[in-house]
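**Q** Structure in C-alpha cells, see below.
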Amino acid sequence: MGLTLTDAKRRILALLDEEPRHGYALANVLGRQGPTVYEHLQELEEAGYIEGKQEGRRKIYSLTERGKLTLQAERAGE
C-alpha cells in the first residue's frame, strides 16, 4: 500500500519544489506544530518522495525525482 498524499503532504512537496528547506522552516510556513511536520517528513522520506541531508545541526529536505514526478502528476490532475 502506498503513501496517501494528504493536503499537508502535498503542501510540503510544493514548498520543497520551490527550494530545499529544513523542518523548522516548513513548520513556520505551514503554521503547524513541529512534530506533525516531522512525522510527514519522515513518511515522505521513507516513501522516496523527498530526501534529507544533514547540514550542520539541521537536516535539509529536497524533492527526489519521484517526488517531482508525483507533484507534476498531482498538478496535472487539478
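The values are calculated or read from the model by the stated rules, or taken from the named source; none is laboratory data. In this text, all values refer to a predicted model and were calculated from it rather than measured experimentally. Please note: Cβ atoms are built from the backbone with ideal geometry, for glycine as well, and neighbour counts cover all protein chains shown.
**Q** Just checking, which of 56, 67, 48 is of a type in the set (Gly, Ala, Ser), touching a residue at least 12 places away in the same chain (Cβ under 8 Å) and on the phi > 0 side of the Ramachandran plot? Can you show your working first?
**A** On the way: 56 fails: touching a residue at least 12 places away in the same chain (Cβ under 8 Å); 67 fails: on the phi > 0 side of the Ramachandran plot.
The match here is 48.
**Q** What about residue 75, is it among the basic types (Lys, Arg), surrounded by fewer than 13 Cβ atoms within 10 Å (Cβ to Cβ) and part of a helix (DSSP H, G or I)?
**A** In short, yes.
**Q** So which residues in the range 1-17 are among the aliphatic types (A, V, I, L, M) and surrounded by 13 or more Cβ atoms within 10 Å (Cβ to Cβ), if there are any at all?
**A** Of all residues in the range 1-17, those among the aliphatic types (A, V, I, L, M) come to 1, 3, 5, 8, 12-16.
Hits for the range 1-17 are 3, 5, 8, 12, 13, 14, 15, 16.
**Q** Any idea how many residues of the range 18-44 are surrounded by 15 or more Cβ atoms within 10 Å (Cβ to Cβ), part of a helix (DSSP H, G or I) and touching a residue at least 12 places away in the same chain (Cβ under 8 Å)? Don't jump to the end; show me each part of the working.
**A** Initial filter on the range 18-44 (surrounded by 15 or more Cβ atoms within 10 Å (Cβ to Cβ)): 20-23, 25-27, 30, 32, 37-38, 40-41, 43-44.
Of the ones still in play, those that are also part of a helix (DSSP H, G or I) are 23, 25-27, 30, 37-38, 40-41, 43-44.
Among the residues that remain, those that are also touching a residue at least 12 places away in the same chain (Cβ under 8 Å) are: 23, 26, 30, 37-38, 40-41, 43-44.
Within the range 18-44, residues that are surrounded by 15 or more Cβ atoms within 10 Å (Cβ to Cβ), part of a helix (DSSP H, G or I) and touching a residue at least 12 places away in the same chain (Cβ under 8 Å) number 9.
The rows are residues; the columns are (1) of a type in the set (A, V, I, L, M, F, W, C); (2) in contact with a Pro (Cβ under 8 Å, 6 or more places away or on another chain); (3) part of a loop (DSSP other than H, G, I, E, B).
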{"site": "14", "(1), (2), (3)": "yes, no, no"}
{"site": "48", "(1), (2), (3)": "no, no, yes"}
{"site": "61", "(1), (2), (3)": "no, yes, no"}
{"site": "66", "(1), (2), (3)": "no, no, no"}
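**Q** Here's a follow-up. For the range 57-68, name all the residues that are exposed (fewer than 13 other Cβ atoms within 10 Å of the Cβ) and either modelled with pLDDT under 95 or of a type in the set (S, T, N, Q) (or both). Give the steps one after another, and end with the answer.
**A** So the first thing to find is which residues in the range 57-68 are exposed (fewer than 13 other Cβ atoms within 10 Å of the Cβ), and the list is 57, 65.
Answer for the range 57-68, where residues must be exposed (fewer than 13 other Cβ atoms within 10 Å of the Cβ) and either modelled with pLDDT under 95 or of a type in the set (S, T, N, Q) (or both): just 57.
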